[in-house]
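Since the structure comes first, as structure tokens, the remarks are kept for the end.
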Amino acid sequence: MTNTRTAPLAGVKVLELGSMYAAPTAGRMLRDFGADVIKVEDPNAGDMARQWQPQKDGQSIGYVRLNSGKRSVGVNLRSAEGQKVVRDLIAQSDIVIESFRPGRLEKWGMDYDTLAADNPGLILTRVSGFGQTGPYKARPGFGTVAETTSGFAFLNGWPETPPTAPPFGFADSIAGISAAFGSAMALYRRSATGEGSVVDVALHEPLMFILGDAILNYTTTGEIMQRHGNASGAASPRGIYQASDGGWLSIAASAQSIAMRLFDAMGRSDLKDDPRYATNEARMANNEIVQQTVREWVASMPRPEVLAILDAHEVVAAGVNDSSDIVGDPHFLERTLSAVTSTPLGAGALVPGPVLHMDGYDGPVYDGLASVGEHTAEVLAERLGIDGDAIASLVAAGAVSESGATER
């Protein structure tokens, strides 16, 4: 359930045809702000993400995070009857999110023009590896490929180590958030013009954007930005440092005033007048000397003592948190983490909540996870007016499943 009284997307009907990661992330973003998200799954296997590891008691933890609170309809999209059910559901939807390889919907007779003929205000949000246009549009693509083709993996890591992909769905998450953002913009435009839209998200493009100046730097200077580890290629000192007790912390003296306060905190106000430390340009030219100076100071004390000194001097710094640090932190417990209830994961399960906060909206509740097809009868009756006998015929034909084909 969601607190829909003040939810900004209350009443918005979303049909999620996507599986795995990126498209379901977009669905969750919209659901977090009040949309009714109906997830269409294969009647037998369900979303492949139900099989992801890690699991607890046969339930994928990652699947719970992305899909709590959505309703599940089991539909066989390989059958003509199942395709008709989906087309009819699309005709009753505000937003459709899909993540098939480009051309798949068209092969099923679900190109945008055909769908919009029945639903002129339809917003079709399409998430794919390389987008709906361009020479690579037909290529399959997952997040790992996007993380390499975008340039992210090349920049991630240390100069002496290989390019490094992240150990989580980074590209998919950024693409999913971007798809939700595009869907919301399309809704806004529709409110002004009455026109629907196609939102086209390629996995690599949002990730390429957040890499900062890499492309602009190359096209203006001819220089290829390289890996810097935990440091920065733009400002110094910046990085992750180890204290005497073995704890790690980050310091980001990316502004001149912060760097000067850091030197005061270190008891080294003399560095402010040292030509090697006085300006960011000088510090970058002597970055290793600067970094070694900071490393030695941090290593001289336990982490709590270092952080207390930095905080007193208003230096931007924080501990390097693991999951246990996060769930024990009162700030994150108050505004960031939400309970997940009524799932096989049991009591105490927490998940990061919405990615932003809006005044006047209390946020979603994550209170249940549907089995495959659990809401088929409910949704078909509610949206399409299909009665029990008609649903039974669809089930008998293998076009839909009613509930519980798999719990994973």
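If we scan segment 5-18, do we find a residue that is among the small types (G, A, S), surrounded by 21 or more Cβ atoms within 10 Å (Cβ to Cβ) and in contact with a strand residue (DSSP E or B) (Cβ under 6 Å, 6 or more places away or on another chain)?
Looking through segment 5-18, at least one residue is among the small types (G, A, S), surrounded by 21 or more Cβ atoms within 10 Å (Cβ to Cβ) and in contact with a strand residue (DSSP E or B) (Cβ under 6 Å, 6 or more places away or on another chain).
As an exercise: evaluate M110 against (1) over 30 Å from G239 (Cα atoms); (2) in contact with a helix residue (DSSP H, G or I) (Cβ under 6 Å, 6 or more places away or on another chain); (3) free of Cβ contacts under 8 Å to residues at least 40 places away in the same chain; (4) crowded, with 18+ Cβ neighbours inside 10 Å and give the number of the one condition it does not meet.
Result: M110 fails condition (2) only.
Can you find even one residue in segment 353-368 that is aliphatic (A, V, I, L, M), under 28 Å from V73 (Cα atoms) and assigned by TED's automatic domain parsing to the domain that holds G74?
Within segment 353-368 (the criterion being aliphatic (A, V, I, L, M), under 28 Å from V73 (Cα atoms) and assigned by TED's automatic domain parsing to the domain that holds G74), the answer is yes, since at least one residue qualifies.
Quick one: in segment 50-90, of everything that is surrounded by fewer than 16 Cβ atoms within 10 Å (Cβ to Cβ) and among the small types (G, A, S), which residue is modelled with the lowest pLDDT?
G58
Which condition breaks for D270 when tested against (1) surrounded by 16 or more Cβ atoms within 10 Å (Cβ to Cβ); (2) free of Cβ contacts under 8 Å to residues at least 60 places away in the same chain; (3) more than 15 Å from S236 (Cα to Cα); (4) not assigned by TED's automatic domain parsing to the domain that holds R28?
The failed condition is (1).
For residues in segment 303-344 being assigned to a loop (DSSP other than H, G, I, E, B) and under 19 Å from Q59 (Cβ atoms), which is modelled with the lowest pLDDT?
Step by step, filter segment 303-344, then rank; the result is P344.
Checking G143 against (1) out of contact with any strand residue (DSSP E or B) (no Cβ under 8 Å at 6 or more places or on another chain); (2) over 23 Å from I215 (Cα atoms); (3) touching a residue at least 24 places away in the same chain (Cβ under 8 Å), only one condition comes out false. Which one?
Unmet for G143, out of (1) out of contact with any strand residue (DSSP E or B) (no Cβ under 8 Å at 6 or more places or on another chain); (2) over 23 Å from I215 (Cα atoms); (3) touching a residue at least 24 places away in the same chain (Cβ under 8 Å): (2).
Tell me, yes or no, whether segment 149-170 has at least one residue that is in contact with an Asp or Glu (Cβ under 8 Å, 6 or more places away or on another chain) and either under 30 Å from R78 (Cα atoms) or of a type in the set (D, E) (or both).
No, segment 149-170 has no match at all.
Tally time: how many residues in segment 197-209 are touching a residue at least 40 places away in the same chain (Cβ under 8 Å) and surrounded by fewer than 20 Cβ atoms within 10 Å (Cβ to Cβ)?
4
Return the residues of segment 131-155 that are of a type in the set (G, A, S), within 15 Å of F168 (Cβ to Cβ) and part of a loop (DSSP other than H, G, I, E, B); say none if nothing qualifies.
Keep residues of segment 131-155 that are of a type in the set (G, A, S), which gives 131, 134, 138, 141, 143, 146, 150-151, 153.
Subset that is within 15 Å of F168 (Cβ to Cβ): 143, 146, 153.
Passing the criteria: none in range.
Here are some residues: V145, V198. Which one is β-branched (V, I, T) and within 27 Å of P8 (Cβ to Cβ)?
After ruling out the rest, the residue left standing is V198.
Scan segment 141-192 residue by residue and report those that are within 17 Å of the chain's Cα centre (by Cα) and acidic (D, E). Give the steps one after another, and end with the answer.
As a first pass, look at segment 141-192 and keep what is within 17 Å of the chain's Cα centre (by Cα): 141-147, 150, 152, 165-184.
E147, D172, listed by residue number.
It is to be established whether one or more residues within segment 158-177 are assigned to a helix (DSSP H, G or I) and over 13 Å from Y21 (Cβ atoms).
Among the residues of segment 158-177, not one is assigned to a helix (DSSP H, G or I) and over 13 Å from Y21 (Cβ atoms), which makes the answer no.
Can you confirm whether A347 is farther than 24 Å from K13 by Cβ, in contact with a Ser or Thr (Cβ under 9 Å, 6 or more places away or on another chain), assigned to a loop (DSSP other than H, G, I, E, B) and hydrophobic (A, V, I, L, M, F, W, C)?
yes
G267 versus (1) at pLDDT below 95; (2) more than 26 Å from the chain's Cα centre (by Cα): which is the lone unmet condition?
(1)
Restricting attention to segment 357-388, which residues are under 30 Å from L337 (Cβ atoms), without any contact (Cβ under 8 Å) to a residue 40 or more places away in the chain and either touching a helix residue (DSSP H, G or I) at 6+ places or on another chain (Cβ under 8 Å) or not in a loop (DSSP other than H, G, I, E, B) (or both)? Full working, then the answer.
From segment 357-388, those under 30 Å from L337 (Cβ atoms) are 357-372, 374-375; that's our starting set.
Imposing the further condition that a residue be without any contact (Cβ under 8 Å) to a residue 40 or more places away in the chain reduces the set to 357, 359.
Residue satisfying the conditions is H357 alone.
Could you check how many residues of segment 91-129 are under 20 Å from L380 (Cα atoms) and in contact with an Asp or Glu (Cβ under 7 Å, 6 or more places away or on another chain)?
2
Which count do you get for residues in segment 128-185 that are closer than 14 Å to A26 by Cα and surrounded by 15 or more Cβ atoms within 10 Å (Cβ to Cβ)?
17
Say we look at segment 227-255 and pick out the residues that are modelled with pLDDT of 90 or more and polar (S, T, N, Q); which of these is surrounded by the most Cβ atoms within 10 Å (Cβ to Cβ)?
Looking only at segment 227-255, we keep the residues that are modelled with pLDDT of 90 or more, and these are 227, 235-255.
Imposing the further condition that a residue be polar (S, T, N, Q) reduces the set to 236, 242, 244, 250, 254.
Working: S236: 25, Q242: 14, S244: 13, S250: 15, S254: 15.
Applying the filter and picking the extreme gives S236.
Identify, by number, the condition in (1) among the hydroxyl-bearing types (S, T, Y); (2) at negative phi; (3) out of contact with any strand residue (DSSP E or B) (no Cβ under 6 Å at 6 or more places or on another chain) that S342 doesn't meet.
(2)
The values are calculated or read from the model by the stated rules, or taken from the named source; none is laboratory data. Quantities reported herein were computed from a predicted structural model and do not represent experimental measurements. Quick reminder, even Gly has a Cβ in these numbers, built from the backbone with ideal geometry, and neighbours come from all protein chains shown.
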